[in-house]
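Reading through the structure tokens given below for one structure.
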Amino acid sequence: MCRFLTMAVPGVGLLTRLHLYAQRRSRVQRPVLRLLSCPGTVAEDLRRDEQPSGSVETGFEDKIPKKRFSEMQNERREQAQRTVLIHCPEKISEKKFLKYLSQHGPINNHFFYESFSLYAVVEFCQKESVRSLQNETHAPSKGMEVAIPFRSRFFNLKLKNQTSERSCVQMSNQLPPSSKKLFEVLRDAESVDDQLNTLLKEFQLTEENTKLRYLTCSLIEDIAAAYFPDCVVRPFGSSVNTFGKLGCDLDMFLDLSETRNLSTNKTSGNFLMEFQVKNVPSERIATQKILSVIGECLDNFSPGCVGVQKILNARCPLVRFSHQASGFQCDLTTNNRIALTSSELLYIYGALDSRVRALVFTVRYWARAHSLTSSIPGAWITNFSLTMMVIFFLQTRSPPILPTLDSLQTLAELLLKEFFEYFGNFAFNKNSINIRQGREQNKPDSSPLYIQNPFETSLNISKNVSQSQLQKFVDLAQESTWILQQEDLGGPSMSGNQPWGLVALLLPSGANRKSLGKKKSRKPANEKVKVLLESIKSNRTENFTNTNGKRNISTQT
């Protein structure tokens with residue numbers, strides 16, 4: 001197992017400098033290029049590379065992904081097929097509940113959560129247990145209404161004895177913390193470094209939330225399998241690339257590659273047998289027809305799927321709906337292999353070191369706090385664009401951090417400040433961002449922000465961003481650089497009440513920043529930064545020495 005990608009073990013701080021980069025750089029870049037050109041082989045190739053002879057042992061543990069992205073997805077899918085979702089009554093005994101379900105087979109694990117009501121996710125050890133439970137489940141009596149007899153893995157549990165008392169059921173959290181709670185936790189941290197990792201811990205997807213996402217995809221797959229028995233519904237994007245936060249949307253695509261493989265010509269002697277199929281003029285029309293039918297099925301037959309919208313004329317046709325039980329907003333596309341490949345790329349970057357993810361989460365939260373991003377489509381910068389900008393910054397800083405496979409032994413706070421400083425001075429008017437080559441390039445068109453899609457290189461993933469939104473990003477990046485440079489924000493204040501570190505950085509501009517001290521000027525952010533920096537420079541020159549040449553300590557900010 002190679003030791004290129006490492007992470008600090010307990011007792012080793014985050015302040016360790018990157019000291020092995022130079023001697024490993026030439027060796028580790030080749031595997032990355034090979035990995036990106038061969039989807040599904042990323043972690044495998046990384047594990048095969050041996051540690052360079054004569055390299056220094058760092059004492060850090062290996063953070064290479066232990067499984068290939070495809071292996072991880074397949075294992076999660078198999079796990080979801082052994083899992084059921086149960087709507088539970090408010091009063092329930094957890095012990096009796098598990099004893100009842102155990103009649104159908106041993107249970108691997110379970111958890112409860114609330115989404116308007118109480119739900120339980122139960123994973124059996126064997127798929128046969130799910131079939132056994134389905135065989136003993138009754139169709140509900142709806143009086144004058146008629147129930148559509150669809151045998152899903154989404155059940156409704158009722159109690160015969162309504163006097164049963166609800167035991168103390170531990171709930172799994174499915175939502176991120178409120179801003180108030182987050183700021184309280186961040187204020188209690190010991191350093192900005194600690195704040196970055198705390199923010200990551202509070203917002204990243206939990207194991208339970210990840211299981212619920214794969215289960216939701218599996219339930220949708222059950223619907224699609226009525227038409228395409230060998231199809232697979234795969235999650236992609238934030239749900240699987242390790243950069244997703246609690247509450248993010250669930251993107252999934254209907255993978256029909258196995259169905260197409262089974263449909264290839266079969267030859268026996270002099271005979272050639274083919275399936276009779278419907279022919280359509282183009283791949284796009286086929287996609288629209290498939291999604292139209294699946295959308296109808298979700299709307300009419302799938303329990304818990306509401307608000308189904310068929311958006312078939314978009315560049316990438318999709319079906320959008322809400323899954324009530326899980327609380328996820330879902331987008332379903334078909335055969336979106338490029339999106340899955342992009343997810344794998346970020347999965348690898350996220351596995352290099354937790355500080356990469358901590359930096360991405362912090363930049364994203366900073367952008368949302370200042371309304372640079374929005375859940376509503378528009379001219380805003382997207383989270384994906386921000387993530388690509390972070391990766392590009394880590395590739396181009398000196399010394400570069402990505403895509404090398406060395407451990408990121410550097411100060412996380414330093415990276416955050418450098419990120420804002422880098423893009424606060426980036427020549428967006430003439431240069432584009434290209435993470436495939438890790439360098440700036442001349443823009444091929446006049447888009448305010450041009451970030452090349454790493455797999456469809458002719459596309460600009462940030463084409464929607466307007467000039468005003470980009471300028472707002474630059475202004476805030478410059479302002480944030482200044483905030484992080486202030487000495488009194490390097491750690492908790494003596495009083496414990498003054499915002500510091502990320503808390504000061506994440507407070508929205510304007511009225512909500514009054515607690516930082518002096519009333520803010522109405523000048524543009526970049527102008528304020530220039531004035532403040534000039535003021536600091538002037539004060540230091542004036543106050544560092546007095547007229548007698550003696551050292552003089554100034555208390556001015």
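The values are calculated or read from the model by the stated rules, or taken from the named source; none is laboratory data. Just so we're clear, the structure is a prediction, and the values are computed from it rather than from any experiment. As a convention, Cβ positions derive from the backbone with ideal geometry for all residues, glycine included, and neighbour counts pool all protein chains shown. Heavy atoms of the whole protein, side chains included, go into the accessibility calculation; ligands, DNA and RNA do not. Shrake-Rupley method; radii C 1.70, N 1.55, O 1.52, S 1.80 Å.
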At q = 0.19, 0.22, 0.28 Å⁻¹, what is the base-10 log of I(q)/I(0) for the stretch 191-253 according to the Debye formula with one equal point scatterer per Cα and no solvent? Please give it to two decimals.
-0.72, -0.86, -1.12
Could you check the simple spin-label distance between SER132 and SER93, using points 7 Å along Cα→Cβ, in nm with one decimal?
2.1
In the full protein assembly as shown, how much of ARG77 is accessible to a 1.4 Å probe, in Å² to the nearest 10?
70
Could you tell me the accessible area of ILE148 in Å² (1.4 Å probe, neighbours in place), rounded to the nearest ten?
100
Distribution output for the stretch 223-335: share of Cα-Cα pairs per 5 Å bin in percent, first bin at 0, values 2, 10, 18, 22, 18, 12, 7, 5, 3, 2, 1, 0
In square nanometres, what is the average projected area of the Cα convex hull of the stretch 62-117?
6.1
Tell me the accessible surface of MET273 in square angstrom (1.4 angstrom probe, heavy atoms of protein chains only), to the nearest ten.
150
Leaving ligands and nucleic acids out of the surface, order LYS463, LYS245, LYS91 by accessible area at 1.4 Å, largest first.
LYS463, LYS91, LYS245
Along the stretch 74-85, what does the Karplus equation 6.51 cos²θ - 1.76 cosθ + 1.60 (θ = phi - 60°) give for ³J(HN,Hα), rounded to whole Hz, x for Gly and Pro?
5, 5, 5, 5, 4, 4, 5, 5, 9, 10, 10, 10
Computed lengthening from PHE116 to VAL169, 0.36 nm per intervening residue step minus Cα-Cα distance
17.5 nm
Suppose each label sits 7 Å from its Cα in the direction of the beta carbon; what would the GLU296-SER458 distance come out to in nanometres?
3.4
Along Cα→Cβ, 7 Å out, is where each label goes; now give me the distance between the ones at ARG439 and ASP249 in nm to one decimal.
3.6
Evaluate E = 1/(1 + (r/R0)^6) for SER152 and MET72, where r is the Cβ-Cβ distance and R0 equals 30 Å; express this FRET efficiency to the nearest 0.05.
0.75
Check each of the GluC sites (Glu not before Pro) in the stretch 173-211 and keep only those in coil by DSSP with at most 13 other C-beta atoms within 10 angstrom; list them in order.
GLU190
Distance violations [Cα-Cα > 25 Å] among LYS95/LYS160; LYS127/LYS211; LYS95/LYS245; LYS99/LYS158; LYS180/LYS245; LYS181/LYS201
LYS95/LYS245
